[in-house]
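Structure first, then comments.
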Amino acid sequence: AKENGKNNYRYFTTEMNESMTKRLDIETGLRKGLEEGHFELHYQPQVSVLDKNIKGVEALIRWRNPESGLIPPNDFIPIAEDTGLILRIDQWVLQEACSQAKLWQDEGSFHGRMSVNISALQFKQRDFPDTVRRTLQDTGLDPTFLELELTESIIQDPEHAFPVMKALKDMGIRLSLDDFGTGYSSLSYLKDFPLDTIKVDKSFIQTMNNGLKDQAIVNSIINIATSLDLTVIAEGVETDDQLLSLQQKHCHEYQGYLFSTPLSSKDFIEKLNRGDFQ
Ligand code: C2E
Ligand code: CA
Ligand code: CA
Ligand code: CA
């Protein structure tokens, strides 16, 4: 028993050391990535349910690590949040997304919305609206083409969130509520906040056709949002059945692997020019 306990202890510390080393490696890599430009944005189309017109794209960050290749955000964003590096990453994302949208407009290749994910820490910064204003001025992007994706956790503190959202709306920026349905007291948010769009979380879309109760939930979200004059985007649409249901429910837009995975800027424009989307 003693021997066994000893082994457990040793095993435990080794594992702890490994995860700490891994975190440190990621932190060092993120700093280097910021300095050397290892981040890129991929763009996933947001598409009209009725006619498959591409209304906008969501910018999604990727980290191209020289040693381990392309790393998805869920593998590094939590560590970036713990270390505060997320603020520098977020600012890079905003700048890059706005200048990309402006570039597409200038070359005449794409004129839709650009949706950018906003982290809680970024939104909490006192100068956030000013930062956004400055980024729009620097890049020359018309504010009406920018949509910021906020989560329910971000706007959990209404006394702070409301004036910030109001300031952004007054600049002409669009606001979207991401992952809708996964947080708390969601319905009151829809009424009280100056939102333009809600994104129905993919967990609802993927179970939508399981039965009548699952159908009813998606129906209700779409009906309430529509009656409040919000644009509804369904996330994570992977099958023709799901798209068909969304058509029947009069959902406005969808996003998901069925239409396209997130693409590099180059691949997105090439596909657009070839008329390859459908
Ligand atoms: P999210 O904002 O909910 O983004 C949607 C995620 O769903 C993306 O994952 C996208 O690639 C994925 N997705 C799209 N279509 C489908 C589908 O049909 N099926 C399934 N199963 N998944 C689909 P991704 O790119 O790995 O991003 C994960 C999360 O990381 C995002 O969730 C967002 O919370 C965060 N994130 C991504 N980019 C940024 C960023 O630039 N800044 C911040 N702060 N967070 C970001
Ligand atoms: Ca999002
Ligand atoms: Ca989402
Ligand atoms: Ca999410």
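The values are calculated or read from the model by the stated rules, or taken from the named source; none is laboratory data. Given the structure is predicted, the values throughout are model-derived calculations rather than measurements. Don't worry about glycine lacking a Cβ; one is built from the backbone with ideal geometry, like all the others, and counts go over all protein chains shown. We work out accessible area using only protein heavy atoms, side chains counted, and drop any ligands, DNA or RNA first. Shrake-Rupley method; radii C 1.70, N 1.55, O 1.52, S 1.80 Å.
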message: Take the conditions under 20 Å from LEU148 (Cβ atoms) and within 16 Å of ligand 4 (Cβ to nearest atom) and apply them to PHE180. Does it pass?
response: yes
- request: Report the residue count in the range 57-74 for those that are assigned to a helix (DSSP H, G or I) and either within 13 Å of PRO262 (Cβ to Cβ) or β-branched (Val, Ile, Thr) (or both).
  value: 1
- request: Sort through LEU121, LEU136 and tell me the only one that's away from ligand 3 (no atom under 16 Å from the Cβ) and at pLDDT below 95.
  value: LEU121
Qualifying residue in the range 120-129 (condition: among the aromatic types (Phe, Trp, Tyr) and closer than 18 Å to MET171 by Cα): yes
task: Check the range 75-88 and report whether any residue there is aromatic (Phe, Trp, Tyr), part of a loop (DSSP other than H, G, I, E, B) and more than 22 Å from THR231 (Cα to Cα).
output: yes
message: Just to verify a result, which residue in the range 89-119, among those that are assigned to a loop (DSSP other than H, G, I, E, B) and within 16 Å of ligand 4 (Cβ to nearest atom), is farthest from the chain's Cα centre (by Cα)?
response: SER119
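Listed here are the residues, each with its yes/no results for (1) out of contact with any Phe, Trp or Tyr (no Cβ under 9 Å at 6 or more places or on another chain); (2) under 30 Å from MET20 (Cβ atoms).
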{"site": "VAL49", "(1), (2)": "no, no"}
{"site": "ILE54", "(1), (2)": "no, no"}
{"site": "LEU60", "(1), (2)": "no, yes"}
{"site": "ILE77", "(1), (2)": "yes, yes"}
{"site": "ASP82", "(1), (2)": "yes, yes"}
{"site": "LEU94", "(1), (2)": "yes, no"}
- request: Quick one: ARG126 ticks every box in (1) within 19 Å of the chain's Cα centre (by Cα); (2) part of a loop (DSSP other than H, G, I, E, B); (3) more than 29 Å from ILE54 (Cβ to Cβ) except a single one, so which number is it?
  value: (1)
- prompt: What single numbered condition from (1) open to solvent by 40 Å² or more (accessible area, probe 1.4 Å); (2) away from ligand 3 (no atom under 16 Å from the Cβ) fails to hold for LEU141?
  reply: (1)
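Here is a yes/no grid of residues against (1) closer than 29 Å to ASP138 by Cα; (2) open to solvent by 50 Å² or more (accessible area, probe 1.4 Å); (3) at pLDDT 90 or above; (4) in contact with a helix residue (DSSP H, G or I) (Cβ under 9 Å, 6 or more places away or on another chain):
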position	(1), (2), (3), (4)
TYR11	no, yes, no, no
THR21	no, yes, no, no
GLY29	yes, no, yes, no
SER48	no, no, yes, no
ILE54	yes, no, yes, yes
ILE77	yes, no, yes, yes
ARG88	yes, yes, yes, yes
LEU94	yes, no, yes, yes
message: Would you confirm, using the coordinates I've provided, whether LEU146 is more than 15 Å from ligand 4 (Cβ to nearest atom) and either without any contact (Cβ under 8 Å) to a residue 40 or more places away in the chain or crowded, with 17+ Cβ neighbours inside 10 Å (or both)?
response: yes
